[in-house]
1. Select from region 27-37 the residues that are open to solvent by less than 90 Å² (accessible area, probe 1.4 Å), in a loop (DSSP other than H, G, I, E, B) and not aliphatic (A, V, I, L, M) and list them in ascending order.
2. Looking at THR123, THR109, THR132 in this structure, which one is at negative phi, within 18 Å of the chain's Cα centre (by Cα), among the polar types (S, T, N, Q) and modelled with pLDDT of 95 or more?
3. Going by what's in this entry, would GLN42 be described as over 19 Å from the mean Cα position of the chain (by Cα), of a type in the set (S, T, N, Q) and surrounded by fewer than 12 Cβ atoms within 10 Å (Cβ to Cβ)?
4. Condition first: touching a residue at least 40 places away in the same chain (Cβ under 8 Å) and either touching a helix residue (DSSP H, G or I) at 6+ places or on another chain (Cβ under 6 Å) or open to solvent by less than 80 Å² (accessible area, probe 1.4 Å) (or both). Now tell me which residues in region 51-67 satisfy that.
5. Of the residues GLY103, GLY97, which single one is open to solvent by less than 70 Å² (accessible area, probe 1.4 Å), over 17 Å from LEU56 (Cα atoms) and more than 10 Å from the chain's Cα centre (by Cα)?
6. For region 103-140, what are the residues that are assigned to a helix (DSSP H, G or I), among the β-branched types (Val, Ile, Thr) and closer than 20 Å to ALA93 by Cα?
7. What are the pairs with Cβ atoms under 7 angstrom where one residue, in region 77-92, is over 14 Å from ASP111 (Cβ atoms) and the other, located anywhere, is open to solvent by less than 40 Å² (accessible area, probe 1.4 Å)? Sequence gap at least six, or different chains.
8. Right, ARG70: open to solvent by 60 Å² or more (accessible area, probe 1.4 Å), free of Cβ contacts under 8 Å to residues at least 40 places away in the same chain, in a strand (DSSP E or B) and over 26 Å from ALA28 (Cα atoms) or not?
Amino acid sequence: TWASPLNGATIENRFNDTTTRSLTYTGAIYNASDPRAKTAIQPADTDTIAGTIAALPLYRYTWIPAYEARYRPTDRNQLGVLATDLQAVLPTAVSVGPAPLEGLDSFLTVDRSQLRYAHLAATKSLTARVSTLKGRIAALSA
């Protein structure tokens with residue numbers, strides 16, 4: 001769907017992206033978040049999620065020539081996670097789709113919004129820990 005009541009573009013596919021896997025935009029990207037469209041709403045366990053994020057390896061990597069030729073990334077050297085690592089700890093953030101490159105039988109993609117919200121949970125957990133430690137230091141200093 002390309003027409004949106006927000007005067008923007010809505011991309012609807014199972015990968016939550018365009019088929020070129022490359023999109024330049026200005027402005028904002030909106031995610032559906034209206035609580036009236038949700039059920040079973042409950043607070044997230046931010047401490048557990050923080051532990052998951054802390055244990056998730058971060059890598060520097062270079063795209064293979066076949067990927068680079070097809071998708072033409074602006075920088076073939078990247079920083080990020082591996083979908084297989086993320087799938088092990090946050091399976092809903094990884095989708096398995098058809099292989100876009102010869103020699104692969106499938107292709108893993110990462111739902112960046114799920115990763116972003118997990119990072120937000122980790123930040124909230126760490127912020128609460130810092131606040132608690134500041135309170136303890138203040139109490140000891142008094």
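1. GLY27, ASN31, SER33, ASP34, listed by residue number.
2. Details: THR109 fails: modelled with pLDDT of 95 or more; THR132 fails: within 18 Å of the chain's Cα centre (by Cα).
Every option except THR123 fails the conditions.
3. Numbers: over 19 Å from the mean Cα position of the chain (by Cα): yes; of a type in the set (S, T, N, Q): yes; surrounded by fewer than 12 Cβ atoms within 10 Å (Cβ to Cβ): yes.
Considered against the rule, which asks whether it is over 19 Å from the mean Cα position of the chain (by Cα), of a type in the set (S, T, N, Q) and surrounded by fewer than 12 Cβ atoms within 10 Å (Cβ to Cβ), GLN42 comes out as yes.
4. Start the filter on region 51-67 by keeping residues that are touching a residue at least 40 places away in the same chain (Cβ under 8 Å), which leaves 52-54.
Scanning region 51-67 gives THR52, ILE53.
5. Numbers: GLY103 fails: open to solvent by less than 70 Å² (accessible area, probe 1.4 Å).
Of the residues listed, the single one that is open to solvent by less than 70 Å² (accessible area, probe 1.4 Å), over 17 Å from LEU56 (Cα atoms) and more than 10 Å from the chain's Cα centre (by Cα) is GLY97.
6. As a first pass, look at region 103-140 and keep what is assigned to a helix (DSSP H, G or I): 112-140.
From what's left, among the β-branched types (Val, Ile, Thr): 123, 127, 130, 132, 137.
The answer is THR123, and nothing else.
7. Correct list of pairs: ASP85/LEU56.
8. Numbers: open to solvent by 60 Å² or more (accessible area, probe 1.4 Å): yes; free of Cβ contacts under 8 Å to residues at least 40 places away in the same chain: yes; in a strand (DSSP E or B): no; over 26 Å from ALA28 (Cα atoms): yes.
For ARG70, the condition - open to solvent by 60 Å² or more (accessible area, probe 1.4 Å), free of Cβ contacts under 8 Å to residues at least 40 places away in the same chain, in a strand (DSSP E or B) and over 26 Å from ALA28 (Cα atoms) - is not met.
The values are calculated or read from the model by the stated rules, or taken from the named source; none is laboratory data. Keep in mind the model is a prediction, meaning the values are calculated, not measured. Every residue, glycine among them, receives a Cβ derived from its backbone with ideal geometry; neighbour counts consider all protein chains shown. Just the protein is used for accessible areas: all its heavy atoms, side chains included, with ligands, DNA and RNA removed. Shrake-Rupley method; radii C 1.70, N 1.55, O 1.52, S 1.80 Å.
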